[in-house]
1. Within the range 245-271, can you find the residues that are within 16 Å of the ligand (Cβ to nearest atom), within 16 Å of Val199 (Cβ to Cβ) and of a type in the set (Gly, Ala, Ser)?
2. Please determine whether any residue of the range 198-206 is over 15 Å from the mean Cα position of the chain (by Cα), assigned by TED's automatic domain parsing to the domain that holds Leu224 and within 16 Å of the ligand (Cβ to nearest atom).
3. With respect to Arg78, determine if the residue is open to solvent by 50 Å² or more (accessible area, probe 1.4 Å), within 22 Å of the chain's Cα centre (by Cα) and either modelled with pLDDT under 95 or closer than 30 Å to Leu306 by Cβ (or both).
4. Determine whether Leu32 is of a type outside the set (Gly, Ala, Ser), within 16 Å of the ligand (Cβ to nearest atom), at pLDDT 95 or above and under 14 Å from Ala326 (Cβ atoms).
5. Given the conditions (1) among the small types (Gly, Ala, Ser); (2) open to solvent by less than 50 Å² (accessible area, probe 1.4 Å); (3) in contact with a Gly (Cβ under 9 Å, 6 or more places away or on another chain); (4) not assigned by TED's automatic domain parsing to the domain that holds Ala340, which single one is not true for Ala326?
6. Quick one: in the range 114-162, of everything that is of a type in the set (Ser, Thr, Tyr) and under 16 Å from Gly172 (Cα atoms), which residue is farthest from the ligand (Cβ to nearest atom)?
7. Can you confirm whether the range 249-264 contains a residue that is in the same structural domain as Val200 (by TED's automatic domain parsing), polar (S, T, N, Q) and open to solvent by 10 Å² or more (accessible area, probe 1.4 Å)?
8. Hand me the list of strands (runs of 3 or more DSSP E) wholly inside the range 93-174 holding 2 or more residues that are surrounded by fewer than 24 Cβ atoms within 10 Å (Cβ to Cβ).
Amino acid sequence: MTTAHKSPKKVNPSHAIHRIAINTGGGDAPGLNAVIRAVTLSALNRDWEVVGIRDGYAGLLAPEQFPDGGLIPLTRERVRGITHMGGTILGTTNRGNPLQFPIVDERGHVTEVDRSDELIRAFRLHQIDALIAIGGDGSLTIANVLAQKGLCVVGVPKTIDNDLDKTVITFGFDTAVSFATECLDRLHSTAEAHHRVMVVEVMGRYAGWIALNAGTSGSADAILIPEIPYDLNLVAEKIEQRARWGRNFSIVVVAEGAMPKGGATSVVSKEIGRAERLGGVGEKVASELQALTGHETRCVVLGHLLRGGSPTTFDRLLSLRFGAAAVRALAEGQSGIMVALDPPIVRYVPLEQATRRMKTVPLDCDTILTAREMGISFGD
Ligand code: F6P
């Protein structure tokens, strides 16, 4: 498989690399360890040294927190047998964004400071020539700023939400969808046995990719996604129609970012320095549907289960391909780019472009058409 180079930003093709760093930022996703392994082996095979930064950038910005000093030397031994493991051997965090780092004063007031220059100095101090940043939109936005400040950076797109632009898919998504689909299969039998409506809330932030793909594959009767504000009267009609057909149970998949027509997303909390936490829409939908239809309704929140476990074969291979391509990109003198899947190739896209907008579900996409033509309701 070849790697195409579109709009590459070659900083210095002859730039000699001796030591690179890898970090993982934001929510974990199955496949992170496979990327770490592919990066490490591809780099060691070029006689480069590799270090892993603990917990995003904390290993560099707060090394005193870590007994090992915050940097893990990545050797063949250290990355042996990790391709199939969920989580990340480096640790991750969705706190402590170095561009808006929260500082709490003695009166408890929180202010945000930009620590990116300090971070660049830390990279230089540790003689790190380049960074491979594995992350979603937040982590890759940080990576883009570091690249603009002169650090040699290549990004690897990660998120179960699949909401990163300029790549057809991110690793972690296939595993999340596969698991959610298996859950829907399991919920069918208990829903049917008890003549219940089961409402299943899945992650995805402001994009409905997980709900749409799992809901369609798992034969949901209604799928509610952020891209299509819903009217529960229409979902209730679908449930009643099924009851008239003798199907006294229904499955409704709700993306955590879904919202009623004219209403708002359900937010659990908003802390300084963190993205808002979504959740709660499943329970709301369940109690309203029970009131509208009179059918007993239960809510299941899949939540972080979608982020755990072993990556699917698709995600393993994609992660390994992304990791190797990221090292290849550095060897070619690239910086400020992200590796991206554009089947059948992995190409390079500028981080600037990849982080400009969120990739939401296009309303005319084939999967939505398929679902609609099969009679699945979107509550619209
Ligand atoms: O972005 C990945 C994701 O799993 C989202 O789907 C979800 O909203 C969020 O992270 C949850 O993050 P946390 O780890 O803060 O619970």
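1. Hits for the range 245-271 are Ala255, Gly257, Ala258, Ser266.
2. yes
3. no
4. yes
5. (4)
6. Out of the qualifying residues, it is Ser139.
7. No, the conditions are met nowhere in the range 249-264.
8. Ranges flagged: 101-104, 110-113.
The values are calculated or read from the model by the stated rules, or taken from the named source; none is laboratory data. Being a predicted model, the structure only gives us computed values, none of them experimental. A quick note on method: Cβ atoms are made from the backbone with ideal geometry, for glycine too, and the neighbour counts reach across all protein chains shown. Quick note on the areas: whole protein, heavy atoms, side chains included, nothing else; ligands and nucleic acids left out. Shrake-Rupley method; radii C 1.70, N 1.55, O 1.52, S 1.80 Å.
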